[in-house]
Structure formats: C-alpha cells, structure tokens
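To start, the structure itself, in structure tokens.
The values are calculated or read from the model by the stated rules, or taken from the named source; none is laboratory data. Being a predicted model, the structure only gives us computed values, none of them experimental. Using ideal geometry, Cβ is built from the backbone for each residue, glycine included, and neighbour counts are taken over all protein chains shown. Just so you know, the surface numbers come from the protein's heavy atoms only, side chains and all, with ligands and any DNA or RNA stripped out. Shrake-Rupley method; radii C 1.70, N 1.55, O 1.52, S 1.80 Å.
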Amino acid sequence: MHFFDYKGKNFYAEGVPVEKIIKEVGTPVYIYSHKTLTRHFQAYDQAFAAVPHLVCYSIKANSNIAVLKTFAEEGSGFDIVSGGELFRASKAGADPRKIVFSGVGKREDEIEYALKSNILMFNVESPQELRAIDKIAKRLKKKAGISIRVNPNVDPKTHPYISTGLKKNKFGIETEDAFREYVYAKNSLKNVVPMGIDCHIGSQITQLTPFVDALKKTTDLLARLRAEGLDIKYIDMGGGLGITYDKEEPPHPSKYGEAVMKGTKGLGVTLIFEPGRSMVGNAGILATRVVYIKQGTEKNFVIVDAAMNDLARPSLYGSYHAIKAVKANSKNEITADVVGPICESGDFLAKDRIIPEVKAGDALAVMSAGAYGFSMSSNYNTRPRAAEVLVRGKEFFVVRKRENLKDLIRGEELVPAVKKAAKAVRKGAKK
Ligand code: LLP
C-alpha cells in the first residue's frame, strides 16, 4: 500500500504532482511519501499490539534523517550496523534505549560509541566480538546488554546475496555454539548481560514458513537457556518481510504477526523486529528524465539521467522495479531497455521492458525505490548523488540537496608537483 498514483494523466506523490517536484528540484530525485512511511510503521505496531514489542526500523534500507525522524516520532526504535548509523539515529532524535546494534564487524570505536550512547543491546555475531564487547564495557565501567545472533540454518528462499541464515553465510553463530557462548557469558563475563536471542535470516522473504522455522529454533534455544538460569527477555526476529515489486504476494504484517505471536505465546518475552524494506520500499520512487531515445538494430534504448550509481538494485541483483510515465500522455507502448549514462553494460534500470512510449525530456517514475535505493548509491563516474524529497500531504521538502561539483571532490588533495620536489632535492644536493 502506498500513496503514489495518477490523478488524470498526472502522476502524484500524495497531494503533489511529481512533475512539479522535478521542475523545482531537478532529476534524478528520490521522492518519499510521509503518509506511506507512517502507515507502514503503524501496520507493524498494530500487528503486535497485543504483546510487548519494539519495532526497530533497520536504518540501512533508507537512512535519510528526515525518514528516521518520521519513524522516531511514531515511537519506532532502530536497528543500526555502524557508528555512522548511530550518529544518524541520534541526529533524528532516536531514543537510545530503543536501539539494537547488529553486524559482523563492529569496530572498537563503534562499540565504545554505542556503549557511551546507552543503546539497548548488541546483536553479537561471533565469540570474539562477545569478548571484545565485555572488555570495552569493563574499561568504560558499563554493562552491555547482548543478544547472540543465532544462525538457524533456514533457507529464506530469496536471492543468494540477501540470504543470511544459512550455515554457509557469514552471519550469526550456529545454535549449539551460541548455547555455549551464552552459558560462558553468564558464568565468566562480568560486563555483558545476555538478555535476548536474535535471528535474521534474509531479506525480501515472501513466505511465512522460513520465519516460522527460524522462530521454532529460537524458542527451543530460549527454553534451554532459561533452564540454565539465563534471564532472556527478548526475542529479536530481525527484518526480512518482502514487498511487492512486481507480482510477489508477501504476507501482510498482520499475518506475520499472527504467526509470530502463536510461536511465542506464553513465553513472556518482548518481541523485537528490524524491518527495513517493508517500511520504506514502496514509500519511495526515483524520478528521472529521458535524455535520449536510441533505436538499435536489436533493441530500443531509453537513456535516462538516473543510473546504477543512483539505484544499484537492478544491476546488482537483477531486481525488478516497475516504471511509470510521470505524465501519461501516450497510450502507445514500446519494449525497451531503460539504461543510465554509466559506462558499463550492467548499467540498467529495466531490461526488455514494456513501458509507455516516451520521448526525450519526458519523466519516468521508477517505483518501489525507497529501500536500498539512495542508501546504496555512489558517485561512480563522478556523478553527483541525487536529491531526496519528502512529500507530506500537499507540501514537499528537500530533505537532501543534490550534490554539486564541489561536493564530488570534497576531502581530496593534490600532492606537491613532482618537478618542484625534484628541484628542491637538487638544490639540497648542491649545498
Ligand atoms: N536486520 C539485519 C540484521 C539485516 O541485515 C537486515 C538487512 C535487516 C534487519 C533489514 O532487512 P529487510 O527488512 O530490509 O529485509 N540491499 C539488498 C538488501 C540487503 C539486506 C541487508 N540486511 C536489496 O536491495 O535487496
């Protein structure tokens, strides 16, 4: 469910014509819908209203601070994976007691920053990390809340790059090892407090079964840990619920909620979720203008001003994003590759796609681009990163300015000219 649609021939973001935004802000531009964001948060919150729960929006999906603030105002917590994301969360006014810190490679400075910020807990991904957190917490005279991220060896049936809960993946600790680590932490580590079990098996998951299977393994471990005297209060189910890009029919959060609440009934735990994509994916579009149309002998190419540096997903995962005309002027359709200006054949937004007939200067909306869109963008080919706009009702706000040419070389330095340096050496030799 989202609030992007046609009114007559014009494509709107909530109450604002997309054409109006791009006339003022230019292209490419990411456009987010405030109403869609809050609606998605509420869908999760309501799905779990009957039990203690905490929704920790996964910042990596879309880390713009205006988006984070929208969620913080709704009462959302946050799932972070770096010191940078913690900084963003604090700038957006997040409550640190609603922050969980995931990721396999947390550095010492990041752990220290998180401990000093008094976050709720760390999702620990290796025995070495567990010991590192204990050591740093001891130095800071703090107690660190922890969950161990369990790798349940469940196949989430999604793209291999975004499947994380299998033995061959780098994430988490296998259940038996996790059990030993919990007991070790309880008996031997004085500055960590085991308080939860964490499990995230992958992303863009469109069925309930993998979640239910992973949950079963988690609750089995919970029972064993409690029998050992560990006071486990939280089960963190991670993120992963898929969205509709094309024809997928992922379960609604309420159905997911029913399944999770059934699997945790009577356990007296607080449930944590780390949704990313399902909160922001369909709440954002990428608007772009057609630069040229090129008719090849085998294919039509619609060359637009957005590229793989702006939206990497099609190139990286072969993923599908629907493409719509911002002004529905033509009833005719063409089959084309929609490509960007980057010097790689892998630079495409859509391949062999039937789209409305367009001409140079027309604008297109690349749908479902709110998650892992801007947050994965880069400056490849020295392209300024896109602007970001948040629409709220009939108003819109530029929440990130388009980068300019100066931004592109910020922090870069020239080295002294070689000739001058050589002269100086010769002068020195004469002395
Ligand atoms: N929690 C953890 C520990 C994660 O690693 C992730 C995503 C999430 C939560 C949020 O998962 P979500 O609800 O968004 O599925 N760039 C890829 C997706 C990478 C997902 C990485 N981890 C894409 O564009 O499809």
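Points to keep in mind about this one:
- Of the criteria (1) surrounded by fewer than 18 Cβ atoms within 10 Å (Cβ to Cβ); (2) under 16 Å from Val326 (Cβ atoms), which one Pro384 fails: (2)
- Test: residue in the range 314-336 that is within 16 Å of the ligand (Cβ to nearest atom) and among the hydrophobic types (A, V, I, L, M, F, W, C): yes
- Search result, residues across the range 1-44 that are closer than 30 Å to Phe273 by Cα, of a type in the set (A, V, I, L, M, F, W, C) and not in a strand (DSSP E or B): Met1, Phe3, Leu37, Phe41, Ala43
- Qualifying residue in the range 216-233 (condition: among the basic types (Lys, Arg), assigned by TED's automatic domain parsing to the domain that holds Cys56 and within 22 Å of Pro251 (Cβ to Cβ)): yes
- Near pairs, Cβ below 9 angstrom, 6+ apart or cross-chain, from the range 158-183 (over 26 Å from Leu230 (Cα atoms) and assigned by TED's automatic domain parsing to the domain that holds Asp231) to any residue that is at pLDDT 90 or above and assigned to a helix (DSSP H, G or I): Thr158/Pro210; His159/Tyr317; Tyr161/Leu316; Tyr161/Tyr317; Ile162/Tyr317
- Filter result for Val51 (assigned by TED's automatic domain parsing to the domain that holds Thr164, in contact with a strand residue (DSSP E or B) (Cβ under 7 Å, 6 or more places away or on another chain) and buried (at least 21 other Cβ atoms within 10 Å of the Cβ)): no
- Members of the range 387-397 that are within 18 Å of Lys69 (Cβ to Cβ), open to solvent by 70 Å² or more (accessible area, probe 1.4 Å) and either out of contact with any helix residue (DSSP H, G or I) (no Cβ under 6 Å at 6 or more places or on another chain) or not assigned by TED's automatic domain parsing to the domain that holds Gly26 (or both): Glu395, Phe397
- Hey, Pro275 open to solvent by 10 Å² or more (accessible area, probe 1.4 Å), of a type outside the set (Phe, Trp, Tyr) and closer than 26 Å to Leu390 by Cα or not: no
- Residue ID - nearest to the ligand (Cβ to nearest atom), chosen from residues in the range 83-106 that are within 21 Å of Thr164 (Cβ to Cβ) and out of contact with any strand residue (DSSP E or B) (no Cβ under 9 Å at 6 or more places or on another chain): Gly105
- Within the range 118-220, strands (runs of 3 or more DSSP E) holding 2 or more residues that are open to solvent by 20 Å² or more (accessible area, probe 1.4 Å) and more than 15 Å from the ligand (Cβ to nearest atom): 192-198
- Cross-chain or 6+ apart pairs with Cβ under 7 Å, the range 188-212 first and over 19 Å from Cys56 (Cα atoms), then open to solvent by 50 Å² or more (accessible area, probe 1.4 Å) and within 13 Å of the ligand (Cβ to nearest atom): Thr206/Glu248
- Filter pass, Leu311 being surrounded by 23 or more Cβ atoms within 10 Å (Cβ to Cβ) and either of a type in the set (A, V, I, L, M, F, W, C) or away from the ligand (no atom under 16 Å from the Cβ) (or both): yes
- Checking each residue in the range 221-258 for being within 16 Å of the ligand (Cβ to nearest atom), over 19 Å from Thr164 (Cα atoms) and open to solvent by 10 Å² or more (accessible area, probe 1.4 Å) picks out Tyr234, Thr244, Tyr245, Asp246, Glu248, Pro251, His252, Pro253, Lys255.
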